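Engineer: One structure, pasted below without further comment.
The values are calculated or read from the model by the stated rules, or taken from the named source; none is laboratory data. Since the structure is predicted, the reported quantities are computational estimates derived from the model, not experimental observations. No Cβ is skipped: glycine too gets one built from the backbone with ideal geometry, and neighbour counts run over all protein chains shown. Just so you know, the surface numbers come from the protein's heavy atoms only, side chains and all, with ligands and any DNA or RNA stripped out. Shrake-Rupley method; radii C 1.70, N 1.55, O 1.52, S 1.80 Å.
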Amino acid sequence: MANSKYAYVRNYEIADPLLPGCFLICRLDGHSFHRFSEEHGFAKPNDERALQLMDHAAKDVMSEYKDIVLAFGESDEFSFLLRKSTNLYNRRHAKILTTLTSYFTSCYVFHWPKYFPDTSMRYPPSFDGRIVLYPDERSIRDYFAWRQADTHINNLYNTVFWALVQQGGKTTTEAHATLRGTVSATKHEILFKEFNMNYNDVSPRFKKGSIIIRQVRGGKAKTHVAVLHCDIIGDEFWAERPYILAS
């Protein structure tokens, strides 16, 4: 930047480096996506096209930024884990957050026609983001366990809720009232007895969310970004992939 009498204004820019030696998680959320999904006719309780679009945008982000070692998505949300040793943009908080958020949003818009070829965007979507620091492997595992548990809880509720509305003829107010205070077992019972639906048969994509990792392709050294729909809470996932939390 050229030096001039005006350059003093740079002194007002405050450095915002993230604490070293910590894992970074950047979580992005769709802004007002309830309205966006309504305006664009998303299927309820789950629109697989919309989820695939989110996965595609997240895969692009991981392909672009090699320090992202894991991502987890549900609904209109994605969390990206950056390795503890990352020095991406010198660990500048605003630079990392704004770049990941804007790139994800751009990819979402760019790939929209592939998943919604018959639906033009009525207005541009937006995502907000935050970065949280985590000190150790245990807290990282608990974070992703929290997000996957949230996925299950929300999806079970929404599955029953929309069954009551779409098949049971209830209004949304009546459906909420029916489910108020119910436990998981009750929701399973409603699905089975009233709609002959076994929740265990629901796609893992909807129950477990999307897990995006790098894995070796065909035994070769070259890796590719893959989407899984599996359990991330237990030990097996992490035991099979120790490299995720290695550095």
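Engineer: Which chymotrypsin sites (Phe, Trp or Tyr not before Pro) in the range 1-36 pass both tests, a DSSP loop state and at most 11 other beta-carbon atoms within 10 Å? Show your work: numbers first, answer last.
Structural biologist: On the way: sites: TYR6, TYR8, TYR12, PHE23, PHE33, PHE36; in loops: TYR6.
Here the sparse-neighbourhood loop sites are TYR6.
Engineer: Which three extents, in angstrom, do the Cα atoms of the range 123-187 have along their principal axes, listed largest first?
Structural biologist: Extents along the principal axes, in whole Å: 48, 39, 16.
Engineer: Among 59-71, 227-239, how do they line up from the highest to the lowest mean number of other beta-carbon atoms within 10 Å? Before the final figure, lay out each step's value.
Structural biologist: Numbers: 59-71: 19.0, 227-239: 14.3.
Per-residue Cβ counts within 10 Å, averaged per peptide and sorted highest first, yield 59-71, 227-239.
Engineer: About the Cα centre of the chain, what is the dipole size in debye to 20, counting +1 per Lys and Arg Cβ and -1 per Asp and Glu Cβ, all else neutral? If you can, show how the numbers build up before the last one.
Structural biologist: Values: 31 positive and 28 negative charges, 160 e Å.
Dipole of the chain, to the nearest 20 debye: 760 debye.
Engineer: Let me ask something additional. Taking the Cα centre of the range 59-158 as origin, sum charge times position over the Cβ atoms of Lys and Arg (+1) and Asp and Glu (-1), and report the length of that vector in debye to the nearest 20. Intermediate values should be presented prior to the final figure.
Structural biologist: Working: 13 positive and 12 negative charges, 83 e Å.
For the range 59-158, the charge dipole is close to 400 debye.
Engineer: Over all distinct alpha-carbon pairs, what is the Kirkwood Rh of the range 8-77 in angstrom? Kindly include the intermediate steps, with their values, before the conclusion.
Structural biologist: Working: mean 1/r = 0.0661 Å⁻¹.
In the range 8-77 this quantity evaluates to 15.1 Å.
Engineer: While we're here: Along the charge dipole of the chain, pointing to its positive end and built from +1/-1 on Cβ of Lys, Arg, Asp and Glu, which listed residue (HIS93, ILE211, THR171) has its Cα farthest out?
Structural biologist: HIS93
Engineer: Then there's this: Protein chains only, probe 1.4 Å: how do ARG83, ARG10 rank by accessible area, largest first? The partial results should precede the final answer.
Structural biologist: Details: ARG83 55, ARG10 125 Å².
Largest accessible area first, the list is ARG10, ARG83.
Engineer: Let me ask something else. Given the alpha-carbon gyration tensor of the range 158-222, what are the semi-axes of its equivalent ellipsoid in whole angstrom, ordered largest first, with each equal to the square root of 5 times an eigenvalue?
Structural biologist: Working: eigenvalues 263, 29, 23 Å².
Its equivalent ellipsoid spans semi-axes of 36, 12, 11 Å.
Engineer: Using only Cα atoms, what is the ratio of the radius of gyration of the range 87-133 to 2.2 N^0.38 Å?
Structural biologist: Computed over Cα atoms of the range 87-133, the ratio equals 1.46.
Engineer: Which three numbers, in whole Å and largest first, are the semi-axes of the equivalent ellipsoid of the range 50-138 derived from its Cα gyration tensor as √(5λ)? List each step's numbers first, then the result.
Structural biologist: Values: eigenvalues 137, 35, 25 Å².
Ellipsoid semi-axes (Å, largest first): 26, 13, 11.
Engineer: Let me ask something else. Determine how many Å³ per residue the convex hull of the Cα atoms of the range 89-172 encloses. List each step's numbers first, then the result.
Structural biologist: Working: hull volume 13.8 nm³, N = 84.
Considering the Cα atoms of the range 89-172, their hull volume per residue is 164 Å³.
Engineer: At 1.4 Å probe size, put HIS111, HIS93 in order of accessible surface, largest to smallest. Present the calculation step by step, with values, prior to reporting the outcome.
Structural biologist: Values: HIS111 25, HIS93 55 Å².
The residues order as HIS93, HIS111, largest area first.
Engineer: Report, largest value first, the span of the C-alpha coordinates of the range 127-247 along each principal axis, in whole Å.
Structural biologist: Between the extreme Cα coordinates on each principal axis of the range 127-247 lie 54, 34, 29 Å.
Engineer: How large is log10 of I(q)/I(0) for the range 55-200 at q = 0.11, 0.14, 0.15, 0.16 Å⁻¹ when the intensity is taken from the Debye formula with one equal scatterer per alpha-carbon?
Structural biologist: At q = 0.11, 0.14, 0.15, 0.16 Å⁻¹ the computed log10 ratios are -0.62, -0.88, -0.94, -1.00.
Engineer: Turning to a different aspect of this structure: Got a number for carbon plus sulfur as a percent of the range 1-127's accessible area, 1.4 Å probe? Display every interim value, and only then the final one.
Structural biologist: Values: 3540 of 6790 Å².
Carbon plus sulfur share of accessible area: 52 percent.
Engineer: Something else about it: If you scale each eigenvalue of the Cα gyration tensor by 5 and take the root, what three semi-axes come out for the chain, rounded to whole angstrom and sorted largest first? Walk me through the intermediate numbers first.
Structural biologist: Details: eigenvalues 261, 108, 64 Å².
Equivalent ellipsoid semi-axes, largest first: 36, 23, 18 Å.
Engineer: Skip the ligands, DNA and RNA, and give the accessible area per residue of the chain with a 1.4 Å probe, whole Å².
Structural biologist: On the way: 13530 Å² over 247 residues.
About 55 Å² of surface per residue is accessible.
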